[in-house]
Each structure stands twice: as structure tokens, then as C-alpha cells.
């Protein structure tokens, strides 16, 4: 099953991915996105969240 990966050097913490996939992504206290449910992409469209990321910090592997 594909899993999302976040490049923390690129992530700006905009929260778009969290809005689209709240069971997968969460913006942490450090302002960077954390993957809280790597196996929950069946609850949302992780690829769309990755494609929507303004800095392309998310890849699906």
C-alpha cells in the first residue's frame, strides 16, 4: 500500500494536507506536518493532498 512521505526541509506547515486528510496528516507544534496515520490513505485522497502541497513536500511511495 502506498505511504505518504514528507520532506520536512520543504514543508511550510500550511495545513492543506491536514484539511484534506486529517487522519493521515497533522501540523505539529514545530509547524511541520507529521504523518499520524501512514496506513489511512484509504480514508482520503493522499495523492490529491500531495498534488495540492504548494511546495511539493509530500510524495507517495
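What follows draws every value from the coordinates through simple rules; no lab data is involved. Treat the numbers as computed from the prediction; the structure is a model and nothing was measured.
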(message) At 222 nm, what value in deg cm²/dmol follows for the chain if DSSP H runs of at least 4 each add -39500 (n - 2.57) and the sum is divided by all its residues, to the nearest 500?
(response) -4500 deg cm²/dmol
(request) Output the Kirkwood hydrodynamic radius of the chain, Cα pairs only, in Å rounded to one decimal. (result) 11.0 Å
